Amino acid sequence: MDKKWFVYILLCGDGTLYCGSTDDVPRRLEVHRSGKGAKYTRGRGPLELVYTEECASHSDALKREYAVKRLSRQEKLILIASQA
């Protein structure tokens, strides 16, 4: 069985959004919260997981992450709202 991959968006304590990809969302969130995740999220807590999207493969997750990162803040907020 292939491993599942996900694209996720975090809402940072300063109101900014961070997008990443992982094969284990809860573990990755804990890594971010511990200060050992992406440099961008360090010191920007609390971090709230506001969006996840399952992808078919690691490659698809990386492509989707790239596409989401290119969206405007408003477009990301619409994406987040569409999942609620």
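Overview of results
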{"quantity": "For the chain: accessible area per residue (Å², 1.4 Å)", "calculated": "63"}
{"quantity": "Residues of region 1-24 with amide N under 13 Å of the 7 Å Cα→Cβ point at L49", "calculated": "5-11, 20-24"}
{"quantity": "Relative contact order, percent, region 30-84 [alpha-carbon distance under 8 Å, six or more residues apart]", "calculated": "22"}
{"quantity": "Pairwise FRET efficiency - K36 versus I78, Cβ, R0 = 25 Å, nearest 0.05", "calculated": "0.20"}
{"quantity": "Fraction in percent of alpha-carbon pairs per bin - 10 Å, the chain", "calculated": "19, 52, 28, 2"}
{"quantity": "Helix runs (DSSP H) in the chain reaching 15 Å along axis by Cα, Kyte-Doolittle at least -0.5", "calculated": "73-83"}
{"quantity": "Accessible-area composition of the chain, carbon plus sulfur, in percent [1.4 Å probe]", "calculated": "54"}
{"quantity": "Within the chain: Cβ-based charge dipole about Cα centre, in debye rounded to nearest 20 (Lys, Arg +1; Asp, Glu -1)", "calculated": "360"}
{"quantity": "Which of L49, A67, V31, positive extreme of dipole for region 27-84 (C-beta unit charges)", "calculated": "V31"}
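The values are calculated or read from the model by the stated rules, or taken from the named source; none is laboratory data. Please read all numbers here as calculations on a predicted model, not as lab measurements. Counting neighbours? That spans all protein chains shown, and the Cβs are built from the backbone with ideal geometry, glycine included. With ligands, DNA and RNA removed, areas are computed over all heavy atoms of the protein, side chains included. Shrake-Rupley method; radii C 1.70, N 1.55, O 1.52, S 1.80 Å.
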